[in-house]
Amino acid sequence: PEFALGPVTWRWVFPSGLCLGLAVLVRPVGLYYFLPATVLLAWAWMRQKPARRPAVPAFVAIFLFASILPPFAWMMRNKNVTGRWMFSAQGMRDLYIARAAILNMHLKSTTYEETMSYFEGELKKAYPQGFSSTAEEASKSGHWAMRFIFRHPVGYSYIMARDAVRMLVGNSMKVAAWMVLKDDRYDPFQIELHPPDEGKPAQALMLARRHPFLGVSLVVYLLFLGFTYVLAAAGFFTAW
């Protein structure tokens, strides 16, 4: 958020990290933003206060610590209620169910509603005795969803990589251009929220031409993502 680009002091950085952590509880997609947000903030802080560059790692650590506090507190609450460490949305639906639903939509070309109806039937077969509470349902359905995901590692890896790239070359690059590079052409209050080219190579190339720094950052991130997948694949095949 723009709030995080205020004075580089712990009194400003700590509450700004808390804001990101609290946002994650409302929109879990914020979990994807911890790494890019930290990198962008570190770079912006170094530009704002060149004399204080040695202190930037400490500010980044404070920001990350504050960001993790709200999700960690929510996971502790879930542990107390369900007996299992898990991160869930506020309605107690385990996030793995949502991820498993996206995977099933990719595998079977179905709609989200059809997938959730199918999952409800499968959960009734797996747990015919039903659930005594919403918390128990969240816990057990999360276990079931994890098993479903593990049965399709290639498909899940594909959709995760696809979504990560779309998010990066879409709104993430536009936000960086507006907030960090001060390009008013990407003011979210002045442009279309979901243009036809959102998350597509054409948008990424246009942004990279206007701001080479973003293009370099995109290449570095894609290399990092590819390297991570190579390591994960090597570990998977070595384990088997």
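Only the coordinates and a few stated rules stand behind these numbers; no lab work does. In this text the structure is predicted, and so the values were computed from the model without any measurement. Using ideal geometry, Cβ is built from the backbone for each residue, glycine included, and neighbour counts are taken over all protein chains shown.
Which order do peptides 66-74, 96-104 fall in by mean Cβ count within 10 Å, highest first?
Put in order of decreasing packing, that is 96-104, 66-74.
For a protection proxy built on the mean count of beta-carbon atoms within 10 angstrom, sort 173-180, 127-134 highest first, please. Let's see the in-between values first.
Values: 173-180: 20.4, 127-134: 10.2.
In decreasing order of mean packing, 173-180, 127-134 become 173-180, 127-134.
Once both labels are modelled 7 Å past Cα along the beta-carbon direction, what's the Met160-Ala61 spacing in nm?
2.9
Take Asn80 and Val220, extend 7 Å from each Cα along the Cα→Cβ direction, and tell me the distance between the two endpoints in nm.
4.1
What length, rounded to one decimal in nm, is gained on full extension from Thr134 through to Ala98, with 0.36 nm per residue of separation minus their alpha-carbon distance? Can you show the working numbers first?
Details: separation 36, 0.36 × 36 = 12.96 nm, distance 1.61 nm.
Gain in length upon complete extension: 11.3 nm.
Efficiency by 1/(1 + (r/R0)^6): what FRET value for Phe213 and Lys108, r their Cβ-Cβ distance, R0 = 41 Å, to the nearest 0.05?
0.50
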